[in-house]
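Heads up, the thing below is written out as structure tokens.
The values are calculated or read from the model by the stated rules, or taken from the named source; none is laboratory data. None of the values given here were measured: they were computed from a predicted structure. We place every Cβ from the backbone using ideal geometry, glycine too, and count neighbours over all the protein chains shown. In case anyone asks, the SASA skips ligands and DNA or RNA and just uses the protein heavy atoms, side chains included. Shrake-Rupley method; radii C 1.70, N 1.55, O 1.52, S 1.80 Å.
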Amino acid sequence: MADTNGTTETEEAPASVRRMDGPESAELTRLAGVFEDLQYVLQCCEHLVSSLAKGPDPVVVEALWTGALVAYVRCFSGRTEVLTDADIDELKMEGQVREFHGLVKKLRDHYASRHTNPRETFTVGVAQNNSGAPTGVAVVSATQPSPDDTAVRQLGRIAYGLSGLVDARMQEAQQKVLTAASAMNPAQLSSLPLVHIGNG
């Protein structure tokens, strides 16, 4: 922070941090949770691009892709009401972004299914001999396609764009929290619960 003579002074660490529980802080909490999820999606996509480029381990690919899909779709939860499908249009990205967004939601349901295997489909058949009599049972599996580099990069681009959008909303929400705190006197602030901040 610059003072009047143009030099820079170091900002002091706060003496204490007090918990704010009003609607302003609830909004900021929701925004922070979604922002963190979007950062996680970006990290998963970065690892996926690297993994897909060097002969991928299918276990790692599925884990990263599933994590990215779950975190991304959670950002659009109706409970938090932070992001909506309309926010996709606000990004003004080229291509069929809204369609891809819808596909990601379906993929999340597929990969996070509690009932079906997302990796393979299975068909049971009966082997026959030349006379047509059954001689055995065959269980045939078909592997589902893995995510490709294009899909991973597209998800990363969308998550990056949404991160900027959410970050701007966080700045506004922080100002609202600060305004609410500024309306309180020091005694009122000191009566709020302390937030313990770890050093590590």
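Any chance the stretch 153-169 includes a residue that's aliphatic (A, V, I, L, M) and open to solvent by 40 Å² or more (accessible area, probe 1.4 Å)?
Within the stretch 153-169, one or more residues are aliphatic (A, V, I, L, M) and open to solvent by 40 Å² or more (accessible area, probe 1.4 Å).
Report every pair of residues separated by at least 6 positions or lying on different chains whose Cβ atoms are under 7 Å apart, first residue within the stretch 20-32 and assigned to a helix (DSSP H, G or I), second at pLDDT 95 or above and open to solvent by 60 Å² or more (accessible area, probe 1.4 Å).
The qualifying pairs are 31/169.
Scan the stretch 44-52 and give yes if some residue there is part of a helix (DSSP H, G or I), open to solvent by 40 Å² or more (accessible area, probe 1.4 Å) and either of a type in the set (Ser, Thr, Tyr) or at positive phi (or both), otherwise no. Spell out the reasoning first.
Step one: filter the stretch 44-52 for residues part of a helix (DSSP H, G or I), giving 44-52.
Those still in the list that are open to solvent by 40 Å² or more (accessible area, probe 1.4 Å) too: 46-47, 50, 52.
Imposing the further condition that a residue be either of a type in the set (Ser, Thr, Tyr) or at positive phi (or both) reduces the set to 50.
Taking every residue of the stretch 44-52 in turn, at least one turns out to be part of a helix (DSSP H, G or I), open to solvent by 40 Å² or more (accessible area, probe 1.4 Å) and either of a type in the set (Ser, Thr, Tyr) or at positive phi (or both).
Among (1) open to solvent by 50 Å² or more (accessible area, probe 1.4 Å); (2) assigned to a loop (DSSP other than H, G, I, E, B), where does residue 99 come up short?
Unmet condition: (2).
Taking the stretch 78-92 only, how many residues are free of Cβ contacts under 8 Å to residues at least 40 places away in the same chain and either out of contact with any His (no Cβ under 9 Å at 6 or more places or on another chain) or of a type in the set (A, V, I, L, M, F, W, C) (or both)? Outline the logic, then answer.
Taking the stretch 78-92 as the starting set, the residues that turn out to be free of Cβ contacts under 8 Å to residues at least 40 places away in the same chain are 78-79, 84-86, 89, 92.
Filter again for either out of contact with any His (no Cβ under 9 Å at 6 or more places or on another chain) or of a type in the set (A, V, I, L, M, F, W, C) (or both), leaving 78-79, 84, 86, 89, 92.
Here the count works out to 6.
Do you know which of the residues in the stretch 140-152 that are closer than 16 Å to residue 63 by Cα and not polar (S, T, N, Q) is least open to solvent (accessible area, probe 1.4 Å)?
Checked the stretch 140-152; the qualifying residue least open to solvent (accessible area, probe 1.4 Å) is 152.
So, residue 177, is that one among the β-branched types (Val, Ile, Thr), more than 29 Å from residue 46 (Cβ to Cβ), in contact with a helix residue (DSSP H, G or I) (Cβ under 7 Å, 6 or more places away or on another chain) and surrounded by 13 or more Cβ atoms within 10 Å (Cβ to Cβ) or not?
It is true that residue 177 is among the β-branched types (Val, Ile, Thr), more than 29 Å from residue 46 (Cβ to Cβ), in contact with a helix residue (DSSP H, G or I) (Cβ under 7 Å, 6 or more places away or on another chain) and surrounded by 13 or more Cβ atoms within 10 Å (Cβ to Cβ).
Hey, does the stretch 77-94 have a residue that's open to solvent by less than 30 Å² (accessible area, probe 1.4 Å), assigned to a helix (DSSP H, G or I) and acidic (Asp, Glu)?
In the first step, residues of the stretch 77-94 are kept if they are open to solvent by less than 30 Å² (accessible area, probe 1.4 Å); the result is 82-83, 87-88.
Next, from what is left, pick out any that are assigned to a helix (DSSP H, G or I): 87-88.
Narrowing the set further to residues that are acidic (Asp, Glu) leaves 87.
Checked the stretch 77-94: at least one residue is open to solvent by less than 30 Å² (accessible area, probe 1.4 Å), assigned to a helix (DSSP H, G or I) and acidic (Asp, Glu).
So the check is Cβ under 9 Å with 6+ separation or different chains; which pairs have a first residue in the stretch 93-107 that's in contact (Cβ under 8 Å) with a residue 40 or more places away in the chain and a second one that's assigned to a loop (DSSP other than H, G, I, E, B) and surrounded by 11 or more Cβ atoms within 10 Å (Cβ to Cβ)?
Filtered contacts from the stretch 93-107: 97/91; 101/76.
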